[in-house]
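Trainee: Mind looking over this structure? Questions follow.
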Amino acid sequence: MDINNFNEKFNSAINILEKFNEAGYEAYFVGGCVRDYLLNDEFSDIDITTNALPEEVKQIFRKSIDTGIQHGTVTILVDEDSFEVTTFRTEDDYIDHRTPEKVEFVSDLKEDLDRRDFTINAMALDSNGKLYDYHCGERDLRNKVIKTVNNPNERFFEDALRMLRSFRFSSKLGFEIEENTLKAIKNNAELIKFVSIERIVNEFRKLLTGRGNKRSLELLLDSKLNNYIPFLDEISKIIDFSNYTFCQSLYILSKINDISFEKLKELKLSNKEIKQIKIYEKINEDFSSNIPLEIILYNYDVNDVTFIASYSNYCDKEDIEKIKLPIKSFNDIAITSMEIISIIDKPAGPWIKEIIKKLEEDIILYKIDNTKKDILDFLMKIRDNR
């Protein structure tokens, strides 16, 4: 192991492990940071596991937050950085195939690593960079395979979300899922119904952004896990979503699988996400209705228009980039709404929006110039034709 690379990657966090050691405790880097370090991938979150009890952790590090103290987790604050520190523990008596009812603190690192989900996430490093790998996680990293720690049926029975996490890690890393692990997912797929839709969507969001998302989705559909998840249960067609945002991916999935918008709502997305997907459909409808590209670009964000135009082959990105709009909003027009009301000489009402819309479109399409004179002529014609 390259000790210089270890020192560079974990940097000042190594001092935290040394501080535990000086106080008479064991402490190790654990989980995703170890996995990504061995893959030579970048990582930001550094998790630590120790045989020190939560109260003892808080005595060593005065600045801390009780983020999950009932499960042995304390977040320590060191030099403006935060680190999650969890006491070695075992878990038992899982409630609803998700949350352990019984957590017992232990003194052995191996017992703690035995409770973790996948072999590639069940490795630890000490302050000298020595690897503790009781489940052949490093070998599975080399073989590019996702495999549970010990019995996969037990791991998924304890926490059903782990089934979806296996596909998420498969996507993130571009790994295959080990045969017995995949078989256990097929056998336990129905247990995913015990997991909240919010947690499921969070994992699915990460799955879609991974480098191996298409292969991961193929494995997911093959496992039939999606049959027990709203919206996903209607998916049969997929593409590579690497170049799309989460909302764009959901929009595409709904279109290619002919899934209704009402079904999409069952994912309990945020209002912002719902609004964004609706905007994509409105842009698509405008293109389908042959609304001029200039008008579409005026009404919507250029990135949203570019996405729909490209995905549905309405036009090229170059066509969009060539367009230079004379105005960006009504504020750029050489007249105010109060002046319009005064010229038309009519009580304010819904009609004002219609006139403004027509005025904007005529300026955007260069039918009239954005000058006071042209706008006044435009308004006078409307007034005279009433």
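Trainee: Mind listing just one residue for me: the one in region 139-154 that is in a loop (DSSP other than H, G, I, E, B) and out of contact with any strand residue (DSSP E or B) (no Cβ under 9 Å at 6 or more places or on another chain) and, of those, least open to solvent (accessible area, probe 1.4 Å)? Can you show your working first?
Mentor: Within region 139-154, the subset in a loop (DSSP other than H, G, I, E, B) is 144, 147, 149-151.
Narrowing further to those that are out of contact with any strand residue (DSSP E or B) (no Cβ under 9 Å at 6 or more places or on another chain): 150-151.
Details: N150: 94, N151: 63 Å².
Among them, the one singled out is N151.
Trainee: Need the failing condition index for C136 against (1) more than 18 Å from Y28 (Cβ to Cβ); (2) hydrophobic (A, V, I, L, M, F, W, C); (3) surrounded by fewer than 19 Cβ atoms within 10 Å (Cβ to Cβ), just the number.
Mentor: (1)
Trainee: Are any residues in region 210-227 of a type in the set (A, V, I, L, M, F, W, C) and either touching a residue at least 24 places away in the same chain (Cβ under 8 Å) or under 12 Å from I177 (Cβ atoms) (or both), and if so, which ones? Steps first, answer last, please.
Mentor: From region 210-227, those of a type in the set (A, V, I, L, M, F, W, C) are 217, 219-221, 225; that's our starting set.
Hits for region 210-227 are L217, L219, L220, L225.
Trainee: Okay, moving on. Filter region 236-247 down to residues that are buried (at least 18 other Cβ atoms within 10 Å of the Cβ) and either in a loop (DSSP other than H, G, I, E, B) or without any contact (Cβ under 8 Å) to a residue 24 or more places away in the chain (or both), then give me how many there are.
Mentor: So the count comes out to 3.
Trainee: Looking for whichever is modelled with pLDDT of 95 or more and touching a Pro at 6+ places or on another chain (Cβ under 9 Å) here; the options are I279, I363. Which one fits? Reasoning before the result, please.
Mentor: Numbers: I279 fails: touching a Pro at 6+ places or on another chain (Cβ under 9 Å).
Criteria check complete, one pass: I363.
Trainee: Name, by its number, the condition in (1) of a type outside the set (V, I, T); (2) buried (at least 16 other Cβ atoms within 10 Å of the Cβ); (3) part of a helix (DSSP H, G or I) that does not hold for E281.
Mentor: If we test E281 against (1) of a type outside the set (V, I, T); (2) buried (at least 16 other Cβ atoms within 10 Å of the Cβ); (3) part of a helix (DSSP H, G or I), just (2) comes out false.
Trainee: Suppose the filter is open to solvent by 40 Å² or more (accessible area, probe 1.4 Å), modelled with pLDDT of 95 or more and farther than 24 Å from E361 by Cα; does D301 pass it?
Mentor: Judged against the criteria, D301 is not a match.
Trainee: Now, a different point. Taking F167 as the residue in question, decide whether it is farther than 29 Å from I16 by Cα, surrounded by fewer than 19 Cβ atoms within 10 Å (Cβ to Cβ) and touching a residue at least 40 places away in the same chain (Cβ under 8 Å).
Mentor: Answer is no for this residue.
Trainee: Please go through region 48-60 and pick out each residue that is assigned to a loop (DSSP other than H, G, I, E, B) and open to solvent by 10 Å² or more (accessible area, probe 1.4 Å). Before the answer, list the steps.
Mentor: First, the residues of region 48-60 that are assigned to a loop (DSSP other than H, G, I, E, B): 51-53.
The answer is N51, L53.
Trainee: Could you list, ordered by first residue, the pairs with Cβ atoms under 6 Å in which the first is in region 248-260 and touching a residue at least 40 places away in the same chain (Cβ under 8 Å) and the second is buried (at least 20 other Cβ atoms within 10 Å of the Cβ), at least 6 apart or interchain?
Mentor: Short answer, once both residue conditions are applied: Q248/F307; S249/L208; S249/F241.
Trainee: Moving on. If you check A13, A23, which single one turns out to be open to solvent by less than 40 Å² (accessible area, probe 1.4 Å) and touching a residue at least 24 places away in the same chain (Cβ under 8 Å)? Full working, then the answer.
Mentor: Numbers: A23 fails: open to solvent by less than 40 Å² (accessible area, probe 1.4 Å).
Among A13, A23, only A13 is open to solvent by less than 40 Å² (accessible area, probe 1.4 Å) and touching a residue at least 24 places away in the same chain (Cβ under 8 Å).
One line per residue, one yes/no per condition, for (1) aliphatic (A, V, I, L, M); (2) touching a helix residue (DSSP H, G or I) at 6+ places or on another chain (Cβ under 9 Å); (3) touching a residue at least 12 places away in the same chain (Cβ under 8 Å); (4) surrounded by 17 or more Cβ atoms within 10 Å (Cβ to Cβ):
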site: N290; (1), (2), (3), (4): no, no, no, no
site: A309; (1), (2), (3), (4): yes, yes, yes, yes
site: I323; (1), (2), (3), (4): yes, yes, yes, no
site: M338; (1), (2), (3), (4): yes, no, no, no
site: I355; (1), (2), (3), (4): yes, yes, yes, yes
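Trainee: Now for a separate question. Read through the list (1) in contact (Cβ under 8 Å) with a residue 24 or more places away in the chain; (2) more than 16 Å from the chain's Cα centre (by Cα), then give the number of the only condition that L207 fails.
Mentor: The failed condition is (2).
Trainee: Quickly run through region 248-278 and pick out the residues that are open to solvent by 50 Å² or more (accessible area, probe 1.4 Å) and outside any helix (DSSP H, G or I).
Mentor: Correct list: D258, S260, E266, K268, S270.
The values are calculated or read from the model by the stated rules, or taken from the named source; none is laboratory data. Keep in mind that what you see is a predicted model, and the values were worked out from it rather than measured. As a convention, Cβ positions derive from the backbone with ideal geometry for all residues, glycine included, and neighbour counts pool all protein chains shown. Side chains are part of the model used for accessible areas, which takes the heavy atoms of the whole protein and leaves out ligands, DNA and RNA. Shrake-Rupley method; radii C 1.70, N 1.55, O 1.52, S 1.80 Å.
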